[in-house]
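> Structure in structure tokens, see below.
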Amino acid sequence: MHKRVHPEFQHAAFLPGPVIFTGLLVVCVACLSFHVSAQPADVSHPVVGSIVVLGNRSTDTELILRELTVHVGDTLNEEQLEYSRTRIYSLGLFNRVDMTYPPLDTTVLIISVEERWYLFPVPILGLVDKDWRKIYYGLGVVHFNLGGRGQKFFAGFALGYDPWVAVSYRDPWILGKLEMFSESELRYSKVRNKSLLSRGNEDNFDEIHYGFSQVLGKRFTSSFSAWLDFGYDYVEVTSRRAGRTLSNGGIDRYLSLGVGAVFDTRNLKEYPTYGSYGLIGLRKYGLFFGPLDHVLATVDARRYIKLSKSLTLAVRGFTAMSIGPRVPNYLHMYYGYSNRLRGHFYRIQEGENIAGVAVETRFPIVREEYVVLDVPFLPPQFSTLRLGLYAAVFANAGTTWNRGEKIDLRHLPAGYGAGLHFLLPYGYVIRAEGAVDENGSGELYLVVGVSF
């Protein structure tokens, strides 16, 4: 959420070996092992007299309690409890979260959690730009809860397509009652050029990136945060030609400064079915020295509306626009890489600016359930797994453009289709979808991660 890096230059996610194993195992045992949470007794208007958290051996109780929208003295209702439960689950620290209470007029709200395995030696494996032809692999180590407050430390490297090395540390709660957060990152990557303008009619080339970034922000409420971040970047091209960097020597060095804010009331961040998300950001590229001198303005708005108990309508609109004399090609915006337009999944669009809209309905075929594995040698952190299956119908449109160009709204690239979304343990989502474009041409694809 607070990453400083360009949306088309993100460190790819990793799939820990245990997650791959458990995901396959869940498919085999799901039909035999579903375990449904016990529901509290029906009490007309219970009032919260106290709140107790159980099962958090490593995680600070305060980190859990600050996600609650229910407090002592409030009157309980099931919708409110479910929202608070999914917010706690969205911390990414637990395999399971249950909320129960005794059937009393003034009752005790009991929050029971089952913690995940936090420290992984990570076999890194994944896809660049959601392309199955661009596989990377490597090793690393990650700790998701280093000090008990969701601190995340990662160090690793990847070979294969677009190799990289990175070290990062994120602390979501520093300075006590001030509730500040911090994130630091050092990175190196060798990225295959994406820009068709930079490539021209010649063989493609690589970009060498070195960078450092530091984020400092404040959480004002459970749904609103703001931040300031600073970074240094070094970019070198392996084949020097005019236009591939702003500097004549084929190397650009620059500082950048950004500010942003986010409003987030989504119930489940890995696969939202209720709530809102809004992000605004400004980033100035080029401070004090270097050839870069432009500003990037970003807006991203999403809304998830419950049309019924089961059916969710999800809507998104976003844009990122560059303001300034010149934008280097390696900071251009794209469809066809990490951003994909369904219906034009493999089509590359390039420009200094980007915009898109999407609408999607989500309906559970198998609601999120807990699968309990009774395997003697399996650690408890892997014995309770969460699994679900959704169907989705969607439509989207989007384009890129350069300064001075007009957008032809009558001929926007667009697509629509349907698919199945598999919700796997440890927050992973796999989508199998089919889509057609505005001319009726179809495509099928399999991709990791929620659409938005």
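Quick note: the coordinates plus some simple rules give every number you see, no bench work behind them. This is a predicted model, so every value here is computed, not measured. Glycine gets a Cβ as well: all are built from the backbone with ideal geometry, and neighbour counts include every protein chain shown.
> Between ARG367 and VAL393, how many nm apart are label points set 7 Å from Cα along the C-beta direction?
About 2.2 nm separates the two model spin labels.
> What percent antiparallel are the DSSP beta bridges of the chain, to the nearest 5?
Roughly 95 percent of the beta bridges in the chain run antiparallel, per DSSP.
> Could you let me know the centre-to-centre spacing of segment 126-140 and segment 392-415, using Cα atoms, in angstrom?
Here the two parts' Cα centres lie 28 Å apart.
> Using the 10 angstrom Cβ neighbour count as an exposure proxy, how do SER50, SER189 rank, fewest first?
Ranking SER50, SER189 by Cβ neighbours within 10 Å, fewest first, gives SER50, SER189.
> As an exercise, use a Förster radius of 60 Å and the Cβ-Cβ distance of TRP132 and ASP105 to find the FRET efficiency, rounded to the nearest 0.05.
0.55
> Pop a pseudo-label 7 angstrom from the Cα along the beta-carbon direction at both SER222 and TYR169 and give the gap in nm to one decimal.
So the two model labels end up 3.0 nm from each other.
> Quick check: pseudo-label points 7 Å beyond the Cα along Cα→Cβ at ARG66 and VAL436, how many nm apart are they?
Each label point lies 7 Å from its Cα, and together they span 5.0 nm.
> Further, regarding this structure: Can you list the residues of segment 283-302 with backbone N under 15 Å from a point 7 Å past the Cα of LEU257, pointing along Cα to Cβ?
283-290, 293-296
> Using R₀ = 30 Å, calculate the FRET efficiency as 1/(1 + (r/R₀)^6) where r is the Cβ-Cβ separation of SER50 and LEU178; round to 0.05.
Taking R0 as 30 Å, the efficiency between SER50 and LEU178 is 0.65.
> So which chymotrypsin sites (Phe, Trp or Tyr not before Pro) in segment 127-187 end up in coil per DSSP with only 15 or fewer other C-beta atoms within 10 Å?
Counting only loop positions with at most 15 other Cβ atoms within 10 Å, the chymotrypsin sites (Phe, Trp or Tyr not before Pro) in segment 127-187 are TRP132.
> Can you pull out the GluC sites (Glu not before Pro) in segment 145-233 that DSSP calls coil and that have at most 10 other Cβ atoms within 10 Å?
Listed in order of number, the matching sites are GLU202.
> Report the extension gain between LEU282 and VAL359 in nm, rounded to one decimal, defined as 0.36 nm multiplied by the number of residues separating them, less their alpha carbon distance.
Roughly 25.1 nm would be gained on extension.
> Read phi for every residue in segment 239-245 and hand back ³J(HN,Hα) as whole Hz from Karplus 6.51 cos²θ - 1.76 cosθ + 1.60, θ = phi - 60°, with x for Gly and Pro.
Going residue by residue, I get 10, 8, 7, 4, x, 7, 9 Hz, with x marking Gly and Pro.
> If you wrap the chain's Cα atoms in a convex hull and average its projection over all directions, what's the area in nm²?
Average projection, Cα convex hull of the chain: 22.9 nm².
> Where in segment 45-90 are there trypsin sites (Lys or Arg not before Pro) that are in a DSSP coil and have at most 11 other Cβ atoms within 10 angstrom of their Cβ?
ARG57
> Report the Cα centroid-to-centroid distance between segment 287-306 and segment 234-278 in angstrom, as an integer.
8
> Here is a follow-up. For the chain, find the longest principal axis of its Cα atoms and tell me its angle to the long axis of helix 17-33, 0 to 90°, nearest 10.
Approximately 40 degrees, to the nearest 10.
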